[in-house]
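This report concerns only the one structure given below.
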Amino acid sequence: MGLSEAHAEWLEARGLDVEVAARFGVTSFGPGIAFPYIVNGAQLYAKVRDPRDKSKTRCTPAGIEQTHLWNADCLQGTPQPGEPLIITEGEPDAIAIAQAGY
């Protein structure tokens, strides 16, 4: 699995590096882009966003309630005192922050 050309173009149009998104496990899922929610190394579910209409999101498997932070595993052992903790509104925002080196 990976990103379709159309989804890669959608990410790039927003200034996001497709390779960085792929490192976070972002993939195409039908007409949507899937952002995996991984907790303790295991994917619990994915939030699927339709790039044509950002108000249309769903979780897979169906019926799963979103109750976790995206990329939460990065918090294990961090931040250290004096290091910043950056919380973003959405998954693409988090990818942009990672892309910027945080």
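The values are calculated or read from the model by the stated rules, or taken from the named source; none is laboratory data. Fair warning: this is a prediction, and the values are worked out from it, not measured in the lab. The accessibility values were calculated without ligands, DNA or RNA, using every heavy atom of the protein model including side chains. Shrake-Rupley method; radii C 1.70, N 1.55, O 1.52, S 1.80 Å.
The table that follows gives values for the structure above.
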item: Per-selection Rg to Rh, the chain - Cα, Kirkwood hydrodynamic radius; result: 0.96
item: 5 angstrom amide H check on V39, placed H, neighbours 5+ away; result: L44
item: Accessible surface of the range 39-94 [probe 1.4 Å, protein heavy atoms]: carbon and sulfur percent; result: 51
item: From phi via Karplus (6.51, -1.76, 1.60), per-residue ³J(HN,Hα) for the range 10-23 in Hz, x at Gly/Pro; result: 4, 5, 4, 5, 9, x, 9, 7, 4, 5, 5, 4, 5, 4
item: Surface accessible to a 1.4 Å probe, per residue, for the residues of the chain, Å²; result: 64
item: Under Karplus coefficients 6.51, -1.76 and 1.60, residue-wise ³J(HN,Hα) of the range 72-77 in Hz, glycine/proline x; result: 4, 4, 5, 7, 5, x
